[in-house]
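Visitor: This structure is in structure tokens; I'll ask about it shortly.
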Amino acid sequence: MTRRSKQRGQAMVEFALIFPIFILLLVGLFDLGRVIWVNDTLATAAREAARYAIVHGAKSSCPVGPAPGGTVVTDPPATCPFPAPSRQAIKDVAQNWAAGTSADVTVHVCYGVVTTCTSDLDQAITPAVTTVRGTPVTVTVTSRVGLSIPSLVGFSGFDLSATSTMLVNH
């Protein structure tokens, strides 16, 4: 009878040693899955926002991006809250697609040939940057990803970023 109770005690000690490691691995697996999900979501947000920019760029009803040829936009209709040269409509599309990733999603929209789009400034192209057909539009979406396990040792997370470049096609 004493032998059987010793075996039970041994199993409890082994379980107590292995269980925390198992929980750390399990939560780490969920963190990895969340990073992959956020990365995919940001890529989709950048792609859909760039698509929105190239399709709706110079529509007369609600243009987005820089106004073509220095055109001055008069009073916009009620259905167009952010007319050209505002980039807010493009940013709103990206924000909507990136909803759920984190509260601090940053979106930058650049017209023209750029190497990195880290602000909303356009690169000089000839003629001046417009939304004419063939002009490249780059959308960069960035978000901070917080992780559970690394936060226990003071590592708060890291930034993920996705970029999409398309040519204006309207």
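The values are calculated or read from the model by the stated rules, or taken from the named source; none is laboratory data. Note that the coordinates shown come from a computational prediction; the quantities given were computed from them, not determined experimentally. Every residue, glycine as well, gets a Cβ built from its backbone with ideal geometry; the counts of neighbours run over all protein chains shown.
Visitor: Among the listed residues Ser156, Ser151, which satisfies the condition of being modelled with pLDDT under 80 and touching a helix residue (DSSP H, G or I) at 6+ places or on another chain (Cβ under 9 Å)?
Guide: The unique qualifying residue is Ser156.
Visitor: Report every pair of residues separated by at least 6 positions or lying on different chains whose Cβ atoms are under 6 Å apart, first residue within the stretch 151-170 and closer than 29 Å to Thr135 by Cα, second modelled with pLDDT under 75 and not acidic (Asp, Glu).
Guide: Listed pairs, sorted by first residue: Val168/Gly57; Val168/Thr131; His170/Gly57; His170/Ala58.
Visitor: What do you reckon, is Leu42 at pLDDT 90 or above and in a helix (DSSP H, G or I)?
Guide: Judged against the criteria, Leu42 is a match.
Visitor: I would also like to ask the following. Restricting attention to the stretch 114-148, and to residues there that are hydrophobic (A, V, I, L, M, F, W, C) and closer than 29 Å to Ala103 by Cα, which single residue is modelled with the lowest pLDDT?
Guide: Looking at residues that are hydrophobic (A, V, I, L, M, F, W, C) and closer than 29 Å to Ala103 by Cα, I get Leu121.
Visitor: Further question: Within the stretch 85-102, can one find any residue that is part of a loop (DSSP other than H, G, I, E, B), touching a Pro at 6+ places or on another chain (Cβ under 8 Å), surrounded by 13 or more Cβ atoms within 10 Å (Cβ to Cβ) and modelled with pLDDT under 80?
Guide: Checked against the condition, which is being part of a loop (DSSP other than H, G, I, E, B), touching a Pro at 6+ places or on another chain (Cβ under 8 Å), surrounded by 13 or more Cβ atoms within 10 Å (Cβ to Cβ) and modelled with pLDDT under 80, the stretch 85-102 yields at least one hit.
Visitor: Scan the stretch 155-170 residue by residue and report those that are surrounded by 12 or more Cβ atoms within 10 Å (Cβ to Cβ) and more than 18 Å from the chain's Cα centre (by Cα).
Guide: Val168, Asn169, His170
Visitor: Among the numbered criteria (1) modelled with pLDDT of 85 or more; (2) buried (at least 16 other Cβ atoms within 10 Å of the Cβ); (3) assigned to a helix (DSSP H, G or I), which one does Phe22 miss?
Guide: Every condition holds for Phe22 apart from (2).
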